[in-house]
Amino acid sequence: MATNVPFTELDFDNIRASLVAYLSAQKQFKDYDFAGSNISVLLDVMAYNTFQSNFYANMAVSEMFLDSAQLKDSIVSHAKELNYLPGSRHSARAVINVALSVANSPKNVIIPRNTKFTAKCGNKELSFFNDDSVVIKPVNGLYSTTDLPVYEGVNVREVFEVKSANQRFVLSNNTVDTNSIHVFVRDNTVEQSNTQEYIVSDNIFGVGGTDRVVYLQPNSHDKYEVSFGNNIFGAQPVIGNVIEVEYRITVGEAGNGAKNFSSANPVSGYTTTVETTSNAEGGSERETNNSIKFFAPKSIQVQDRAVTERDYEILLKNNFSEIQAVSVFGGEELDPPRYGRVVIAVDVKNATGVSENNKAKYNVFLRERSPIGIEPIVISPQFMFISVASQVFYDVTTTGLSSADIESKVQSAILNYSTVNLSDFKKTFRKSKLSSAIDSSDSNILSNDTDILAIIPINPEINVASSFVLNFNNPLTPGPTLRATDTILDYKFAVKSSIFTYGGKESFLQDDGTGKLHILRTTSSGFVYVKRNVGTVDYMNGNVILTNIIADAFTGSEIKIFARINSDNITASKDRIVTIRDTDVDIVVTGTKN
């Protein structure tokens with residue numbers, strides 16, 4: 001009698017049982033003892049072989065699809081089918097000023113391309129190079145240049161001789177910064193032979209068969225290769241030509257924060273002085289597998305043009321791996337409106353906001369891909385921080401952990417909540433979620449009593465009258481009208497500042513419950529007004545206006561303006577990021593018995 005074979009069984013035990021059931025139904029094996037040692041071994045071998053084949057087939061088939069692939073090379077191969085180039089490492093970028101001591105007064109001095117500068121990053125010394133030559137002309141007898149961008153890395157030159165029509169040109173380093181690649185084609189192996197530069201292109205639009213363009217595509221093991229247009233979408237080198245590829249290899253994120261720049265050697269033989277304008281930032285690692293899976297299908301939809309808000313976001317994140325968050329909205333939403341503009345708020349990794357140099361770079365990139373008549377405007381995000389004051393109660397009878405141990409766990413939980421749920425545009429802070437994260441940070445925590453305030457920092461110039469317009473974008477909770485008999489520490493303010501020195505004495509800003517801001521100072525008996533009516537508060541809309549504030553001094557780099565939001569949920573506008581800094585977290589741990 002025929003027996004149906006259960007092909008769906010994939011684990012070892014079920015496969016073995018299926019084999020036993022099948023053989024038992026055959027007449028020639030009807031009276032066999034399948035538990036006997038000899039046939040049992042044979043069944044184990046067959047079941048193991050079948051199980052291994054099933055496992056291999058399952059894993060191999062999963063690598064055939066972008067969604068289920070696990071191996072980096074498989075993911076990259078699928079992305080290549082979508083004309084997507086996975087992001088490489090990118091060099092950290094710094095900005096420096098260079099001054100030369102020149103005695104013989106030449107008409108100009110040249111800082112050659114790839115001049116080496118060095119900088120300290122922690123305990124390591126890193127090399128930085130300029131991408132372009134700079135011609136310095138004297139101004140009042142001084143030879144100097146300002147705002148020179150330099151990039152971390154080591155310059156590499158690879159040479160390939162074309163020996164066959166189908167030859168591939170794979171770069172040997174997997175830490176290349178693809179933004180630094182330059183390709184040159186020589187007629188032959190003679191160094192002085194005719195050399196032409198081929199421009200790296202990311203698309204074939206408008207490219208003819210004689211155009212000197214080259215294309216990048218991913219290869220295995222995080223490497224890249226250069227390819228040519230086969231005389232259809234670009235000129236193709238012929239046998240005997242020599243291809244030179246110059247590029248920079250980089251340490252990526254490890255270069256961020258480099259400072260204290262100096263010249264490795266005298267520039268053009270002159271004594272060189274270097275001043276750091278902007279510390280190194282923007283270095284990034286290779287694109288992750290999950291990022292490739294997410295962006296590769298979307299890049300084919302964008303088609304390298306920016307029309308919708310999502311197009312701008314995808315284009316920027318695809319082409320600039322240092323970008324951490326992007327928010328895009330129309331200029332008509334600005335106050336006042338700016339019609340015909342698209343506003344792009346950008347935040348980069350390992351930095352607060354975006355530098356002016358990067359803004360210019362992103363603007364140039366987007367302008368080439370935006371519709372005619374639409375002007376992109378790149379801005380830094382507005383930041384609003386959350387002050388967290390939490391009293392945590394834990395059961396001392398169930399744990400040997402100290403209060404400091406519990407505090408450390410709670411601190412980590414709060415900052416992790418910020419990283420996972422905030423630190424991006426248009427995110428909402430929810431106090432209930434934070435309280436839950438605190439309780440879940442350790443099983444011995446019984447409860448927590450957490451108070452939150454919103455913070456917008458200001459940085460007034462010392463001894464200069466400064467005015468500020470701050471928008472918390474959330475309704476505020478006004479307290480009762482402030483009276484001379486109130487105890488200032490117990491007063492439920494809507495807006496208050498951190499301590500700063502005004503008129504030689506420690507003072508602070510605070511509202512009075514009627515929408516007016518004053519400068520106050522505490523005394524042994526309460527408080528006194530130092531200066532009245534220095535600003536206003538719109539409790540309904542969360543707008544705070546400070547007028548002609550003069551600070552003699554303040555601690556740190558900012559004065560914090562605290563606001564009590566009229567909700568446990570704090571929303572962010574399109575150009576704002578809400579996050580929690582470790583310096584704004586205050587935790588008090590109390591041991592108790594449950």
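Descriptive notes on the structure:
- Dipole axis of the stretch 152-306 (+1 Lys, Arg; -1 Asp, Glu on Cβ), positive-most option in His182, Thr195, Ile292: Ile292
- For the stretch 557-573, the Karplus equation 6.51 cos²θ - 1.76 cosθ + 1.60, evaluated at θ = phi - 60°, returns couplings of 9, 7, 9, 8, 9, 8, 9, 9, 6, 7, 5, 7, 10, 10, 9, 10, 6 Hz by residue, with Gly and Pro reported as x.
- Relative to the Cα centre, the charge distribution of the stretch 302-380, modelled as +1 at Lys and Arg Cβ and -1 at Asp and Glu Cβ, gives a dipole magnitude of about 200 debye.
- When the stretch 323-456 is described by a simple charge dipole with +1 on each Lys and Arg Cβ and -1 on each Asp and Glu Cβ, the residue from Ser370, Ser355, Gln382 located farthest towards its positive end is Ser370.
- A Cβ-based charge dipole, computed about the Cα centre of the chain with Lys and Arg at +1 and Asp and Glu at -1, lands at about 1020 debye.
- Under the simplified labelling scheme, the Asn54-Asn548 pair shows an inter-label distance of 8.4 nm, with each label point 7 Å from Cα along Cα→Cβ.
- Under the Debye formula (equal points on every Cα, no solvent term), log10 I(q)/I(0) of the stretch 12-64 at q = 0.17, 0.27, 0.28, 0.32 Å⁻¹: -0.57, -1.02, -1.06, -1.20
- Here the stretch 1-137 is assigned +1 on the Cβ of each Lys and Arg and -1 on the Cβ of each Asp and Glu. Its dipole about the Cα centre then comes out at about 1340 debye.
- Taking 0.36 nm per residue of separation and subtracting the current Cα-Cα distance, fully stretching the chain between Asn459 and Glu332 would add 42.8 nm.
- Cut-off 20 Å (backbone N to label point 7 Å along Cα→Cβ of Val200), residues of the stretch 159-186: 159-161, 168-186
- Membrane-span-like helices of the chain, defined as complete DSSP H segments with a Cα extent of 15 Å or more along the helix axis and a mean Kyte hydropathy of at least 0.5, are identified as 12-24.
- HN-Hα J in Hz across the stretch 373-379 - Karplus 6.51, -1.76, 1.60, θ = phi - 60°, x for Gly and Pro: x, 10, 10, x, 10, 9, 10
- Placing R0 at 25 angstrom, the Cβ-Cβ distance between Ser402 and Lys433 gives a FRET efficiency of 0.40 after rounding to 0.05.
- For the stretch 526-532, 3J(HN,Hα) per residue [Karplus equation, 6.51 cos²θ - 1.76 cosθ + 1.60, θ = phi - 60°, Hz, x = Gly/Pro]: x, 8, 9, 7, 8, 8, 8
- Close amide H contacts of Lys516 (hydrogens built in the peptide plane, cut-off under 5 Å, sequence separation of 5 or more or a different chain): Val537.
- Between Ile372 and Thr273, the C-beta separation translates, for a Förster distance of 30 Å, into a calculated FRET efficiency of about 0.05.
- For the stretch 12-64, averaging the sequence separation of C-alpha pairs within contact (under 8 Å, six or more residues apart) and dividing by the residue count gives a relative contact order of 44 percent.
- Label sites at Thr477 and Asp490, each approximated as a point 7 angstrom past Cα along Cα to Cβ, lie 1.7 nm apart.
- Over 29 Å between alpha carbons, listed pairs Lys124/Lys427; Lys361/Lys560; Lys223/Lys361; Lys137/Lys349: Lys124/Lys427; Lys361/Lys560; Lys137/Lys349
- Order by protection proxy (mean Cβ within 10 Å, highest first), peptides 303-315, 547-559, 80-92: 80-92, 303-315, 547-559
- Built amide H within the under 5 Å cut-off of Ala351, gap 5+: none
Values in this text are rule-based calculations from the coordinates and carry no lab data. All of these numbers come straight from a predicted model, not from anything done at the bench. Note that we place each Cβ from the backbone using ideal geometry, even for glycine, and neighbour counts take in every protein chain shown.
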